[in-house]
Amino acid sequence: MPLSDKLTPFIRLSAVISILLLTGCVSTSETNLIESFQTTSPAVNYALSLQGAPYIYGQSSPEKGFDCSGFVKHVYEIQGIHLPRTSFDMAQALPSVDENDIHPGDLVFFDTDGHAYSHVGIYVNRDKFIHAPSRHTGKVLISSLKNDYWQRHYTGARRPR
C-alpha cells in the first residue's frame, strides 16, 4: 500500500480535529470576553464575574451552582434587590419593559418548555444576555438574543427595582 493511502485517514482525522478546535475557539471567545461586556450596571458586572459557574438545578449560590432563576436571584440579592425564586414569579412581580427599551440589568424571559417565562437571564448589552441555561451547557454563559433559538422562545423583558 502506498504511503499516501496510509496517510489519508490520518489527514482526515487531523482535518476533523482542526475544525472542532477552531469551532470551540469561536464559541469560547464569544462567551469569555467579559471585559468587552462591562457596563455601568453593578448587577451585570457581578453576573459576568460568575461566568463559568456550574449549572445545578435548584441551586442559587456560587459555591453550589445555579439554575436560571437561582442565578438571577443571587445576582440581585447581592445588589440588595430581593426577587422571587422562580422565573415565572419574577415575570409576574416585575414591570414590563418594551423590547426597544431594554437596558443592561433588565431580565429577559423565554418559553423553553411550553410555559411562558420558564427561563430567565440578565441582559448585558449589544443583544447579549448572561444566564444559566441548562444541564446540557453545564455552566453560566453569555448568549445572543439574535440566536434563532432564543429569538423564537423570547417572551419579554422585565426591570428589577
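Taken together, the values in this text are just the output of simple stated rules run on the coordinates, not laboratory data. Here the structure is a predicted model, which is why all the values come from computation and not from measurement. Counting neighbours? That spans all protein chains shown, and the Cβs are built from the backbone with ideal geometry, glycine included.
Here are some notes:
- Calculated from backbone phi, Karplus (6.51, -1.76, 1.60) coupling profile of the stretch 75-84 in Hz, x at Gly/Pro: 4, 6, 5, 4, 8, x, 10, 9, 10, x
- Residue order, fewest to most beta carbons within 10 Å, for THR40, THR155: THR40, THR155
- For the stretch 92-105, the Karplus equation 6.51 cos²θ - 1.76 cosθ + 1.60, evaluated at θ = phi - 60°, returns couplings of 6, 8, 9, x, 5, 10, 4, 4, 8, 10, 6, 10, x, x Hz by residue, with Gly and Pro reported as x.
- Cα gyration tensor shape of the stretch 39-158, rounded if a/c is under 1.5, else prolate or oblate by comparing a/b with b/c: rounded
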